[in-house]
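In what follows, a single structure is set out as structure tokens and then discussed.
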Amino acid sequence: MADEEIRPAGAADVPVVADVIDAAFRPYVERIGRVPQPLREDHAANVAAGKVFVTGDPVTGLVVVEAFEDHLFLDTIAVHPAAHGRGVGRRLLRFVEAHARGLGLSEIRLYTNALMWENQKIYPRYGYERVERHTDGPHDRLHYRKRLP
């Protein structure tokens, strides 16, 4: 498992991308009282734009990233619940760092819903610092960043 490839998603991966995101985020619907943003995304468009990277055979985890001039935005990280505890998330976060460096970017940014409290424990363990909390309508988000050496 530790040496599984992380590769760009292709068109054939779109259904499994949707399945993994659904499995990872569907449990939050009741807690946050709304459908989380990753469940509303156009997965086919994200794959076609080269923003999605997957791992596993079958796919057990993925990231959706977008490069900006001064940072890499980690839009989504999702690990299928059946693969929790196997290091998939850790490998994906390391991949995101390497991808940012490969693009010449020295910072990664992300946000998470404030009610997804598990993430508030995970991201700091991997060097992300919380920089702000921003509420915009129904969205209460915690923003994080990681500066890369």
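In the chain, a dipole from Cβ-located charges (positive for Lys and Arg, negative for Asp and Glu) runs towards its positive end, and of 74, 38, 135 it is 135 whose Cα lies farthest in that direction. Residues whose amide H falls under 5 Å from that of residue 116, counting only those 5 or more places apart or on a different chain, are absent, with hydrogens built in the peptide plane. Ellipticity at 222 nm from helices only: DSSP H runs of n ≥ 4 in the chain, each -39500 (n - 2.57), divided by the residue count, give -9500 deg cm²/dmol. Applied to segment 61-67, the Karplus parametrisation 6.51 cos²θ - 1.76 cosθ + 1.60 on θ = phi - 60° returns per-residue 3J(HN,Hα) values of x, 7, 10, 10, 10, 9, 8 Hz, with x for Gly and Pro. Only protein heavy atoms count here; on that basis, with a 1.4 Å probe, residue 143 has an accessible area of about 40 Å².
Note that segment 141-149 has calculated 3J(HN,Hα) couplings of 10, 9, 9, 10, 8, 9, 8, 9, x Hz, one per residue in order, obtained from phi through the Karplus relation 6.51 cos²θ - 1.76 cosθ + 1.60 (θ = phi - 60°); glycine and proline are x.
The packing ranking, built from the mean of other Cβ atoms within 10 Å per residue, places the peptides 126-138, 89-101 in the order 89-101, 126-138, highest first. Can you give me the % of accessible surface on the chain that is carbon or sulfur? Probe 1.4 Å, all protein chains present, nothing else counted. The C+S portion of the solvent-accessible surface of the chain is 49 percent. Placing +1 on each Lys and Arg Cβ and -1 on each Asp and Glu Cβ, with no other charges, gives the chain a dipole about its Cα centre of roughly 540 debye.
Counted by Cβ distance under 14 Å from residue 25, the other residues give a net charge of -2, where Lys and Arg count +1 and Asp and Glu count -1.
Using only side-chain charges placed at the Cβ, +1 for Lys and Arg and -1 for Asp and Glu, the dipole size of segment 1-46 relative to its Cα centre rounds to 340 debye. The Cα center of segment 1-59 and the Cα center of segment 69-120 differ in position by 13 Å. What are the residues whose amide H is under 5 Å from the amide H of residue 60, where those residues sit 5 or more places off or on another chain and H is modelled from the backbone? Placed amide hydrogens put 55 under 5 Å from residue 60. Excluding residue 14 itself, what net charge comes from residues whose Cβ is under 14 Å from its Cβ, given Lys and Arg +1 and Asp and Glu -1? Net charge around residue 14: -4. Considering segment 53-104, its Cα convex hull presents a mean projected area of 3.4 nm². Here percent of Cα pairs over 26 Å apart was computed from the coordinates, and among [x] 32; [y] 14; [z] 20 the match is [z]. Hydrophobic long helices, here whole DSSP H runs in the chain with Kyte-Doolittle means of at least -0.5 and Cα atoms spread over 15 Å or more along the helix axis, are found at 14-25, 88-102.
Residues of segment 1-60: accessible area per residue at 1.4 Å, in Å²? Walk me through the intermediate numbers first.
Numbers: 3230 Å² over 60 residues.
Accessible surface, normalised per residue, equals 54 Å².
What is the gain in length, in nm to one decimal, between residue 11 and residue 139 on full extension, counting 0.36 nm per residue of separation less the C-alpha to C-alpha distance? Mind showing how you got there, number by number?
Values: separation 128, 0.36 × 128 = 46.08 nm, distance 3.05 nm.
Net length gain for the segment: 43.0 nm.
At the residue level, residue 65 shows approximately 10 square angstrom of accessible surface with a 1.4 angstrom probe and all protein chains present.
In this rough spin-label picture, where each label sits 7 Å from Cα along the Cβ direction, the residue 49-residue 101 distance is 2.7 nm.
Phi-derived couplings, Karplus 6.51 cos²θ - 1.76 cosθ + 1.60 at θ = phi - 60°, listed residue by residue for segment 45-60: 5, 5, 5, 4, 7, x, 8, 10, 10, 10, 9, x, 9, x, 4, 10 Hz, with x used for Gly and Pro.
The values are calculated or read from the model by the stated rules, or taken from the named source; none is laboratory data. Bear in mind that the values here come from a model prediction, so they are computed numbers and not experimental data. When we count neighbours, we look across all protein chains shown, and the Cβ atoms used for this are built from the backbone with ideal geometry, even at glycine. With ligands, DNA and RNA removed, areas are computed over all heavy atoms of the protein, side chains included. Shrake-Rupley method; radii C 1.70, N 1.55, O 1.52, S 1.80 Å.
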